Amino acid sequence: MKRALRIENEIGRALERTHDACDRAARREADPVGFVHRYSDPLDQELVALLAATMAFGSVKVIRRKIDEVLERIELRPVDASESLPRLQKALAKFRHRVFIGDDLARLLFGARALQLEHGSLGGHFESILAAQNLSRFASKNESASSEKPSEEEYERFRDSIRRLARALRDAGGIREGGPRRGPAHLLPNETGSGGMKRFLLFLRWMIRPNDDVDLGIWRVDPAILVCPVDVHIHRLATNLGWTKRKGADWTTALDVTRALARHRPKDPVAYDFALCHLGMLQNCPSRRDEVRCEGCGIRPVCRHWVGRSA
């Protein structure tokens, strides 16, 4: 027990060092979230954040180039451009990014803008979904809201809340799945299945976490309910720290990582996500002892490959 507590304390100190050492301003401009910070209106920020997070898979340099292309093509402010589906479709004609074509992203933006017009904002709509899912204690930001960690049942209701928001976006944008192309089905979280929802959780992190020059904190939702978006970098670090034994980055893996992080920041469990993800990118973690590639890694003092712990 004492050894386990000592290891946990060492991990906590390593997380804090990594968090504090991250050059957030510089790394933000190498991250898709940098585009969100180009806008001052929260409604524009919601649309650009949803677009950027949806496109965030693969090479980050390619992702940023393609986001920039979309924003250049639509020309107007996102809230104005997104009120006309034909205009968006024309602006994004012949656009391609991995499994997406211009029509996919046009319908995503149009649907998101339609929900903003109906509910005031995407955040306001999501807050009402949380309340309807008996998650009212997380549907605001106050000191007492996060006095207890989310229960297993609350995490499940949170996942269903994400699916409900995704369904509303699909319906409003006329996004139809089931055709010969993968793009429409890959835009938003599935109604069923065990996927980790990484890109949508990333979008929620940007919108909900307190403003720290990376995340924007524009939604009135308690960050204690957030689940960590697990990409390849976070998954690798989580395995090296013994937080999960799972091979895939599914929802259960995301909960494993979130619970581990919550032991150190229960009111803001995904606070470390940005720094850890960029650490993983910079170090190109080999998931083994490597004197060269592991040099300077803030997690090395507690990594199981260096201290002899099993996962």
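The values are calculated or read from the model by the stated rules, or taken from the named source; none is laboratory data. This one's a predicted model, so the numbers in the text were calculated from it and none came from an experiment. Backbone-built Cβ (ideal geometry, glycine too); neighbour counts: all protein chains shown. With ligands, DNA and RNA removed, areas are computed over all heavy atoms of the protein, side chains included. Shrake-Rupley method; radii C 1.70, N 1.55, O 1.52, S 1.80 Å.
Just a few scattered comments:
- Answer from Arg236, Arg199 - the residue that is within 24 Å of Ala30 (Cα to Cα), in contact (Cβ under 8 Å) with a residue 24 or more places away in the chain, assigned to a helix (DSSP H, G or I) and touching a Cys at 6+ places or on another chain (Cβ under 9 Å): Arg236
- Across the range 114-127, the qualifying residues are those that are touching a helix residue (DSSP H, G or I) at 6+ places or on another chain (Cβ under 8 Å) and hydrophobic (A, V, I, L, M, F, W, C), and the one among them that is surrounded by the fewest Cβ atoms within 10 Å (Cβ to Cβ) is Ala114.
- Criterion (in a helix (DSSP H, G or I) and open to solvent by 20 Å² or more (accessible area, probe 1.4 Å)) met by exactly one of Asp171, Asp212, Asp104: Asp171
Here is a yes/no grid of residues against (1) under 26 Å from Gly179 (Cα atoms); (2) modelled with pLDDT of 95 or more; (3) open to solvent by less than 10 Å² (accessible area, probe 1.4 Å); (4) polar (S, T, N, Q):
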| residue | (1), (2), (3), (4) |
| --- | --- |
| Arg87 | yes, yes, no, no |
| Ala91 | yes, yes, no, no |
| Ile129 | no, yes, no, no |
| Gln133 | no, yes, no, yes |
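- Screening Glu10, Glu16, Glu72 for residues that are surrounded by fewer than 17 Cβ atoms within 10 Å (Cβ to Cβ), within 21 Å of Arg209 (Cβ to Cβ), more than 18 Å from the chain's Cα centre (by Cα) and not β-branched (Val, Ile, Thr) leaves exactly one candidate, Glu16.
- Any chance Val302 is in contact with a Leu (Cβ under 6 Å, 6 or more places away or on another chain), open to solvent by less than 10 Å² (accessible area, probe 1.4 Å) and β-branched (Val, Ile, Thr): no
- Inter-residue pairs, beta-carbon under 9 Å, first without any contact (Cβ under 8 Å) to a residue 12 or more places away in the chain and within 26 Å of Pro223 (Cβ to Cβ) and in the range 272-299, second open to solvent by 20 Å² or more (accessible area, probe 1.4 Å) and part of a helix (DSSP H, G or I), 6+ apart: Leu282/Arg27
- Positions within the range 241-258 being surrounded by fewer than 23 Cβ atoms within 10 Å (Cβ to Cβ) and in contact with a helix residue (DSSP H, G or I) (Cβ under 8 Å, 6 or more places away or on another chain), in sequence order: Leu241, Gly242, Trp243, Thr244, Lys245, Arg246, Ala249, Trp251, Leu255, Asp256
- Residues (open to solvent by less than 50 Å² (accessible area, probe 1.4 Å), at pLDDT 90 or above and part of a loop (DSSP other than H, G, I, E, B)) located in the range 19-40: Ala30, Asp31
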